[in-house]
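Step one of this worksheet: look at the structure below.
The values are calculated or read from the model by the stated rules, or taken from the named source; none is laboratory data. As the structure is a prediction and not an experimental result, all values here were calculated from the model. For neighbour counting, all protein chains shown are included, and Cβ atoms are generated from backbone atoms with ideal geometry for every residue, glycine included. Quick note on the areas: whole protein, heavy atoms, side chains included, nothing else; ligands and nucleic acids left out. Shrake-Rupley method; radii C 1.70, N 1.55, O 1.52, S 1.80 Å.
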Amino acid sequence: SGSIARVTISGLIRGNQERVEALERLGNSQVRAVIVHIDSPGGTTAGSEAVYEEVLAMSAKKPVVAVMDTVAASGGYWIALSAQKIFAQPQTITGSIGVVSGKFVLKGLYDKIGVTKEIVTTSEYAGMYSDYKPFSEGEKQKVLADMERIYTEFLKKVAANRKMTVAEVDKIARGRVWSGRSALKLHLIDSLGGLSDALEEARKLARIPQS
């Protein structure tokens, strides 16, 4: 006997301590296998990495199968990499292995409504994401360097989990998106299928007999 749990990760992924703690409890529970149902265009790097690490820890204890719904891009795909098997629908928006950064500058709006801000910082780049001023040249270089570092980390993570070289991943990355069908050909996923297929795979991996 045994049970299979399903956890859904949808919408924009941000640093959510409650979600991470829920995953930790699930990893320590008596369920035999877990299906991670992903329908997300991504989110923050920190939030995606926190969820990835918790699912990865869970997959060291029991089978974890990811199934991607309408979209599993950027941070959504980042999280899927922590599973032992990845399923996607033929038209699932998959991949988007890349990094986007920037900010809105609202000083003109604040001026119109008579609001002023005073920015007090304790280090050179502490206020660089303030919406009250554009990036300085130094801040632009810092943002670009951070984006390059995160992108390299993303490439390495995909390469390690999908048994590819970083150069092979880079050729199909750079922010591009693929259908699930194309992602299968590019080795970004393991199989085409939905929740029922993921459930059957989780049952097999956990060696749970059919009822």
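Here are a few things to note about the model shown:
- Output for the range 10-52, where each listed residue is in a strand (DSSP E or B) and modelled with pLDDT under 95: Ser10, Ile13, Gly43
Matching residues to (1) of a type outside the set (Lys, Arg); (2) under 15 Å from the mean Cα position of the chain (by Cα); (3) over 27 Å from Leu195 (Cβ atoms); (4) open to solvent by 50 Å² or more (accessible area, probe 1.4 Å):
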position	(1), (2), (3), (4)
Ala72	yes, yes, no, no
Leu81	yes, yes, no, no
Ile86	yes, yes, no, no
Phe104	yes, no, yes, yes
Asp111	yes, no, yes, yes
Val115	yes, no, yes, yes
Tyr132	yes, no, yes, no
Lys157	no, yes, no, no
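- Single match in Val99, Val143 (criterion: of a type in the set (A, V, I, L, M), under 30 Å from Gly193 (Cβ atoms), in contact (Cβ under 8 Å) with a residue 12 or more places away in the chain and out of contact with any Pro (no Cβ under 9 Å at 6 or more places or on another chain)): Val99
- Restricted to the range 11-33, and to residues there that are under 21 Å from Lys157 (Cα atoms) and open to solvent by less than 50 Å² (accessible area, probe 1.4 Å), the residue that is nearest to the chain's Cα centre (by Cα) is Ile13.
- Here the condition is being touching an Asp or Glu at 6+ places or on another chain (Cβ under 7 Å), in contact (Cβ under 8 Å) with a residue 40 or more places away in the chain and more than 22 Å from His37 (Cα to Cα); of Leu155, Leu106, it holds for Leu155 alone.
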